[in-house]
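Comments concern the structure below.
Just so it is clear, none of the values below were taken in a lab; they were calculated from the coordinates. Bear in mind that the values here come from a model prediction, so they are computed numbers and not experimental data. When we count neighbours, we look across all protein chains shown, and the Cβ atoms used for this are built from the backbone with ideal geometry, even at glycine.
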């Protein structure tokens, strides 16, 4: 039972996240009925299942909450900021209740919120006198219910189903108990009882479906009944022909059609008009609004451990494939070669598939970012608009999980230190509402995440002064604007004159950079005083397997990610000694040059047929000198471990097909080590 | 000798001709003929990295720790140990010329080593034990991979 409970909690938390998203949307589009209906539906589902698993407090709270949204969708209550604020509070409390071992701990909080909810209802609801003569702007439905014979074994009481449907609107029904004697029924091993329901209701189809949640799909059918299509009764009668003819005597199809029409006439006085259900509105991306189409994908939840194990198996498979490839190379046996080639292709596909499974869209952390923006803006009395683009950009699950904290911090900074108070913005000729923009997109083999604000920007001069004060730099040091801005990432640095409660404590920018670094990513910052700040985080899409070029210098194997490689060339007729960290000519430019032998103190001499590999990171290129290029290698990245944590030019190691180890070069870091002009020494 | 609770089991190994002993409870495996890949910009007492059951482990140059020069490379053995460094369990490999017998002896059989003339940090050793008329140096596993050294390792990217 416990595992079902756990599954319920996981499902429920997902529902709550969905709810939060809906609330955020609702705030922007208060008059959009479909969102309210969505919320109501979500709460209704949660209420039902919560009760089943003994979460009584959750059930109770959800019930009250659902009532409010029922009033709203019926037009009795109008959405306003207060209700939305309250809704968020309810969502938070529900989250706590679901995770708590003992619901009673929150008794007081629950009572307080229920109180507010009731007060909210009283204040806002208009006259309720029309309830008695409720008019249904309704849909009509014809429902056929024919349960299987084991219905009672499944603890379903058909009468309660009837009651639930009746509660949805105006119901007429015909129960066919069949005129087949019991003995015959037993022989048939079928249930011969079935219902025809005629329902006029405000609820939409999915709510009616909810009533049948415990029935199998083939036990019931729901049809929308349109008066103008009355003649078209035939199709669904014919579908259920065997029900009618088997289980009732004297079945006549035309008589049946009349009966159906007549029954609908009975409930039709309650129908004012038949309304088409409103389509769910998609928000126009051109206006850079929040892109939010509820993604209808079929999915299943998989435990992370299972995925991790799958990844491990794939890694081992890749390794073994490498070994077999090697053997094949040595043996050169035709039949084996073709089989190995096929296996290689298959393994590659398999690897790519599994890596892809671990990718989830970045949208999953957006909810929390948006909520934080909202509540922070409120508490600081600032007007802030949060815009996101590219929320469907996918990243490895582990990366996303670790990203949330640093991203929250960056956004907190934008809101706290970046965006100015409304009055100040107006005084500076800016619109009152500041914008925090979140962008995610692919570029090459990386994912870029940018957080931009149109706030006050960061003043490089202030940073210079602060850095001098903290003795991080000398007054005489010449630093470019970018260098100064990047000083922010130094531990202990903070330009805020007061450490606000919200940012600047504990999780500093240095921690952000460290986390990004551990994810083998980079972070860059750009800013203009008065215009705003832009922070770019660059991350690899996956953590585990990359395509690399295997090279060797001396006895050491190195791996260079193929994505970074531009060309490979032979170095001819150029002096090789003393060239390390100098420049060579390439493509009509001078680019920095590293000889791995000299850089890493590897024994031996650089041969005259040494190879040059030009690697690049965006625009920046450097040339690497190696002894030989051995070929390509699919590297399963193994971490080097804590002992080598500070060797940032290596991103790990990999086991080669012959069992030897190879060191994976972090090309971005290598290129980065040339960034300052100081490192260039021309020959 | 009679078996009693104070007896601890040790694996003996040689660095050149010198006999050492290490508590077996720390030893995971002895790897033979394993290839050790050198890692650039690391201090001398890190020999490199090795592949242990699919995991990358650092290999400490035990010879350097005791100021010895490795004599011959005929038997290249790596003793893989699991030790607690700075609160974390780590797998570390140590180089040896070869491994010898597994023996048992008491704590009380261990005699202290004089500091003078040792040529290395005697904290690395618990002491010495006489076995079959030979002196065996007993390793102090926790000191050999002390917190300080690992920190130094971590900061040694410039050396």
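Remarks
- Centroid-to-centroid separation of the range A:297-326 and the range A:415-441 [C-alpha atoms, Å]: 45
- Beta bridges by DSSP in the range A:291-449, antiparallel share as percent, to the nearest 5: 55
- FRET efficiency for residue B:89 and residue A:468, using Cβ-Cβ distance with R0 set to 30 Å, rounded to 0.05: 0.10
- Distance histogram for the range A:311-364 (every C-alpha pair counted, 5 angstrom bins, percent rounded to whole numbers): 4, 19, 24, 17, 13, 9, 6, 3, 3, 2, 0
- Cα convex hull volume per residue for the range A:1-91 (Å³): 77
- Global form of the range A:48-104, assessed from the alpha-carbon gyration tensor, a/c cut-off 1.5: oblate
- Gap separating the Cα centres of the range B:93-117 and the range A:506-530, nearest whole Å: 49
- Tensor-based shape of the range A:579-650 (alpha-carbon gyration tensor, a/c under 1.5 rounded, otherwise prolate or oblate): prolate
- Shielding by partners, peptide B:37-45 (average Cβ within 10 angstrom, other chains): 6
- Calculated FRET efficiency for the pair residue A:582/residue B:132, C-beta based, R₀ 60 Å, to 0.05: 0.50
- Globularity index of the range B:8-89 is 1.11 (Cα radius of gyration / 2.2 N^0.38 Å, N = number of residues).
- Bins of 10 Å from zero: percent of alpha-carbon pairs in the range A:355-458: 15, 45, 26, 11, 2, 0
- Here residue A:159 and residue A:105 are evaluated by their C-beta separation; at R0 = 30 Å the FRET efficiency comes out at 0.20.
- The range A:10-55-the range A:603-648 distance, computed between alpha-carbon centres (Å): 52
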